[in-house]
Amino acid sequence: MSQQQHRRRRITIVSIGSRGDVQPYCVLGVALTERGHNVTIATELRLESLVTTEFQLPFRPIVGDSTGGLFDPKYQEGLAKGSIFTLIKMTNEWKAKFDVNEILASYITALEGADIIISGGLSMTQSYCVAEKMGVSWLPFILGPTMPTSEFPCWATAKLTLGLSCLNKWSYTFLFRQLWKDEAKHINPWRENVLNIEPITDAPLGIADLV
């Protein structure tokens, strides 16, 4: 067995959202494939042709359409206002169009058989939970700044900092708390009742600290 064959891994890269949220991971997938790994991209059906036709990589579906609202004029108008509260409200309204249990179940199916799971930002919590259940390596690969810093605020909460550097670091904590408040409603029941693993008790920073 050659050294390259010995190191070959089954890698599933999961990222959902817009084309910009997924295309960079397809580039990564191609690079890993060229190094001898078996790479699959897990994302939403809207982006299947991007994966299979443009990058010629295996595809597995994640149910739902997390950022489909970006193509809706009303959603675009709310997003342009830059309010975190408006963004969360509109995102929750959009998510309500889909069955959360079907979405979570699709993560289990899509990530099955992977030795390594690489996750984009919008699929971090779900993919982390599945990786924990499977006992495989989980690698978050985030395209934008997510670690708290006093240098600049988190983009979604920039207006709340009033331009003060002392509030910049706080803006990240605030955002993670708001996001987890919404996610916890279904993530922990899913962990306990479906994945049979302990609930996350130190969130919201529990996931953020893993990055």
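The values are calculated or read from the model by the stated rules, or taken from the named source; none is laboratory data. Computed from a prediction, not measured in an experiment: that's the story for all the values here. Glycine gets a Cβ as well: all are built from the backbone with ideal geometry, and neighbour counts include every protein chain shown. The area values use the complete protein model at the heavy-atom level, side chains included, leaving out ligands, DNA and RNA. Shrake-Rupley method; radii C 1.70, N 1.55, O 1.52, S 1.80 Å.
Give, as ranges by residue number, the residues of segment 168-186 whose backbone N falls under 15 Å from the point 7 Å along Cα→Cβ of Glu151. From segment 168-186, the list is 168-169. Diffusion coefficient (Stokes-Einstein, Kirkwood radius over C-alpha pairs, 37 °C, 0.692 mPa s) for the chain: 180 µm²/s, rounded to a whole number. Bridgeable aspartates and glutamates around Lys95 (alpha carbons under 13 Å apart, same-chain partners fewer than 8 residues away excluded): Asp65, Asp182, Glu183.
Put +1 on the Cβ of every Lys and Arg and -1 on every Asp and Glu Cβ in the chain; which of Thr91, Pro189, Thr149 then has its Cα farthest towards the positive end of the dipole? Most positive-ward Cα: Thr149.
Given N residues in segment 40-111, what is its alpha carbon radius of gyration divided by 2.2 N^0.38 Å? Before the final figure, lay out each step's value.
On the way: Rg = 14.3 Å, N = 72, 2.2 N^0.38 = 11.2 Å.
Dividing the Cα Rg of segment 40-111 by 2.2 N^0.38 Å gives 1.28.
In the context of the full protein assembly, Ser66 retains an accessible surface of approximately 30 Å², using a probe radius of 1.4 Å and ignoring ligands and nucleic acids. Using a cut-off of 24 Å between Cα atoms, the listed pairs Lys133/Lys185; Lys89/Lys181; Lys133/Lys169; Lys97/Lys185; Lys74/Lys97; Lys74/Lys169 include Lys133/Lys169; Lys74/Lys169 as exceeding that distance.
For segment 63-151, a/c is not less than 1.5, where a ≥ b ≥ c are the root eigenvalues of the C-alpha gyration tensor, and a/b does not top b/c. That puts it in the oblate class. The sum of -39500 (n - 2.57) across all DSSP H runs of n ≥ 4, divided by the residue count of the chain, sets its helix-only mean residue ellipticity at 222 nm to -13500 deg cm²/dmol.
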